[in-house]
Amino acid sequence: KIYPGCMVSSLTLDASANQEVKMNVNFETKKTFVAPTNYDTANGKTDVKDFVNFGSPKGGDANINEDAMRPFFFSDGTISMFGQDYIRIETMSLEINNSLTPKRFIGKYDKTSQFHFPGQRTYNLSFSGLVTDSAVFDALREEQAFSLSGTTGNELKLVFTKETGSTDETLTLIFEDYI
């Protein structure tokens with residue numbers, strides 16, 4: 001089957017310290033149809049190893065770049081407030097939901113297609129961690145929940161690396177203005 005016009009409905013990243021990052025993506029498709037017997041893919045390739053993005057930008061077995069095939073690992077996660085780290089994250093799960101709404105229209109439209117309209121994107125981060133600065137943590141427990149909107153230096157930072165070292169590829173997610 002062929003699924004053209006896919007949009008990401010939701011995405012979940014799961015990670016534990018020093019383990020591979022795992023990702024689950026859910027798609028909404030514009031249309032689904034069964035490929036005819038003479039159907040040829042856009043680039044004429046049917047084996048995944050021949051795809052352009054397999055192994056290296058050039059694709060194919062002969063061009064496999066081992067660095068590109070290595071997974072990301074969860075290497076560092078901290079929550080900082082007022083310039084001080086107060087929680088070190090050990091495991092985390094990040095869910096991103098685009099709140100897609102499928103719609104079909106009457107008129108000059110293909111009856112087999114549907115359109116998806118994104119709504120309010122939501123992020124949900126759950127984690128377990130170790131408190132590294134109990135003074136900040138205790139002060140926060142005594143106060144009611146509040147938004148950090150408009151404050152500076154209060155960010156949640158998650159770092160994923162392929163390997164420890166200064167020249168290796170990293171992925172950093174920084175969240176500000178959270179509740």
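Within the stretch 94-112, how many residues are in contact (Cβ under 8 Å) with a residue 24 or more places away in the chain and exposed (fewer than 15 other Cβ atoms within 10 Å of the Cβ)? Let's see the steps before the verdict.
First, the residues of the stretch 94-112 that are in contact (Cβ under 8 Å) with a residue 24 or more places away in the chain: 94-98, 100, 102, 110, 112.
Keeping just the survivors that are exposed (fewer than 15 other Cβ atoms within 10 Å of the Cβ) gives 102, 110, 112.
Final tally of qualifying residues: 3.
Looking at the stretch 73-111 only, could you name the residues that are in a loop (DSSP other than H, G, I, E, B) and modelled with pLDDT of 80 or more?
As a first pass, look at the stretch 73-111 and keep what is in a loop (DSSP other than H, G, I, E, B): 82-83, 98-100, 104-111.
Within the stretch 73-111, Asn98, Ser99, Leu100 qualify.
Would you mind telling me which numbered condition in (1) modelled with pLDDT of 65 or more; (2) part of a helix (DSSP H, G or I) Ala62 fails?
Answer for Ala62: the failing condition is (1).
Go through the stretch 1-43 and count every residue that is open to solvent by 80 Å² or more (accessible area, probe 1.4 Å) and part of a strand (DSSP E or B).
5
Considering the stretch 128-179 alone, what residues qualify as being modelled with pLDDT of 65 or more, in a loop (DSSP other than H, G, I, E, B) and closer than 17 Å to Asn18 by Cβ?
Lys162, Glu163, Asp168, Glu169
The values are calculated or read from the model by the stated rules, or taken from the named source; none is laboratory data. This one's a predicted model, so the numbers in the text were calculated from it and none came from an experiment. Here Cβ is always computed from backbone atoms with ideal geometry, including for glycine, and neighbour counts include all displayed protein chains. With ligands, DNA and RNA removed, areas are computed over all heavy atoms of the protein, side chains included. Shrake-Rupley method; radii C 1.70, N 1.55, O 1.52, S 1.80 Å.
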